[in-house]
Amino acid sequence: MKKIDYDSFLARIYDDSPSFGKVKINNLERMNAFYMEGAKLCEGPVLEFGTATGMLTIQLAREGYKVHSVDISPYMHEVVREKIEKEEKHVSDNITLILGDALEYRHSELYNMIAIPDGLFLAIADQEQQLTLLHNCNRNLNKGGRLYLDIFQPMEKIIYDRKLSECTRFRTKNGELYLMTTNYTVDPYPQIQYCNFVYAKMNKGKAIEEFKVNIVYRYVYHSELELMLKHCGFKVIEIDTAYIDNRGFAVIAEKI
């Protein structure tokens, strides 16, 4: 097993990996439309928590919106900067990348819209820290400002069986072939899902390198999220429980 910084590896293959960016790329227009509608209604820059590889960030900027995008990973921002270099100047001028922690970020001025795409909320695998994030969103919004977020639905089969294993192949944009083995396990009481990914880089039918990525999520049901938002000073405006063909749900909440 090659010793690497998995964050760097994940950033590099994120858009091509079936368990990460590939799902969004296949539904990008539909997933981004939810946030585009919000940006039309809210004046001023959009605060985005979780840049990832910039799939929402860049689209917002192309449409003329200013985006302040926060991510804790310098490797993700490296990927985004490479993408921005290929964009027209007005797009890059609309994007401010901020290396920081979404749980702690504060700006001198308040926002009218915060976006949390790509299930970042679930990647904070602790209920108290999830509440901390929602409280921080509230602190960064003007009264009447809105929070938009989407998260994937709890995977009931894994929750019921407590485990699941999958295997698939994919190629990156530069032609590298990977065999990806995924093992999911669940602790249903704190609602924790452990995801262990092994990426085997293949050449002529043989694995020449292997990389491990371990990620922990805390899944939530929409009823719990609604209570959490109310606890943190929000009024829930809408919850779409059939978001992207029932794969997730999308939430709009307003600061009271």
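For the stretch 78-171, take N as its residue count and report Rg(C-alpha) divided by 2.2 N^0.38 Å.
Rounded to two decimals, the normalised Rg is 1.43.
K201: which lysines have alpha carbons under 17 Å from its alpha carbon, excluding same-chain residues fewer than 8 sequence positions away? Filter leaves K2, K3, K173, K212. Roughly speaking, what is the centre-to-centre gap between the stretch 66-82 and the stretch 6-50 when only Cα atoms are used, to the nearest Å? Centre-to-centre distance over Cα atoms comes out at 12 Å. Please identify, among C167, C195, C42, the residue showing maximal mean-square fluctuation in a Gaussian network model of the chain using a 10 angstrom Cα cutoff. Most flexible of the set in this elastic network: C167. Residues whose amide H falls under 5 Å from that of E48, counting only those 5 or more places apart or on a different chain, are H68, S69, V70, A115, with hydrogens built in the peptide plane. Normalised by the number of residues in the stretch 156-218, the mean separation of alpha-carbon contacts (under 8 Å, six or more apart) gives a relative contact order of 26 percent.
As a test of understanding, state the convex hull volume per residue of the stretch 156-218 from its alpha carbons, in Å³. All intermediate terms of the calculation are to be shown ahead of the outcome.
Details: hull volume 5.6 nm³, N = 63.
Per residue, the Cα convex hull of the stretch 156-218 comes to 89 Å³.
For the stretch 169-197 and the stretch 213-253, write down the distance between their C-alpha centroids in whole Å. Value for the Cα centre distance between the two parts: 22 Å. In the Gaussian network model of the chain, springs joining C-alpha atoms below 10 Å, which of D15, D187, D118 carries the largest mean-square fluctuation? Looking only at D15, D187, D118, the largest GNM fluctuation is found for D187. Quick check on the chain: take the gyration tensor over C-alpha atoms, sort the square-rooted eigenvalues as a ≥ b ≥ c, and tell me if it's rounded (a/c under 1.5), prolate or oblate. Here the chain falls in the oblate category. With an a/c value of 1.5 or above and a/b not larger than b/c for the gyration tensor axes a ≥ b ≥ c computed over the alpha-carbon atoms, the stretch 4-76 is described as oblate. Counting 0.36 nm for each residue step from E109 to T185 and taking away their Cα separation leaves a gain of 23.2 nm. The alpha-carbon of K40 sits under 23 angstrom from the alpha-carbons of these lysines, leaving out residues fewer than 8 places away in its chain: K24, K66, K89, K143, K235, K255. Extension gain, R62 to E29, is 10.6 nm, computed as 0.36 nm per intervening residue step minus the present C-alpha separation.
Using only Cα coordinates, the Kirkwood hydrodynamic radius of the stretch 132-175 works out to 15.1 Å. Annotation: extensible slack from S165 through L41 equals 40.4 nm (criterion: 0.36 nm per residue apart, minus Cα-Cα distance).
A Gaussian network model of the chain, with springs between Cα atoms under 10 Å, assigns the largest mean-square fluctuation among G38, G205, G145 to G205. Shape summary: the stretch 137-256 maps onto an equivalent ellipsoid whose semi-axes, from the alpha-carbon gyration tensor, are 36, 18, 13 Å in decreasing order.
Under the criterion of Cα pairs below 8 Å and six or more residues apart, the relative contact order for the chain equals 18 percent. Here's the picture: a label point sits 7 Å out from the Cα of E238 along the beta-carbon direction, and within the stretch 107-132 nothing has its amide nitrogen under 14 Å of it.
Only the coordinates and a few stated rules stand behind these numbers; no lab work does. Because the structure is a prediction, the values reported are computed rather than measured. Cβ sites come from the backbone with ideal geometry, for glycine too, and all protein chains shown count toward neighbours.
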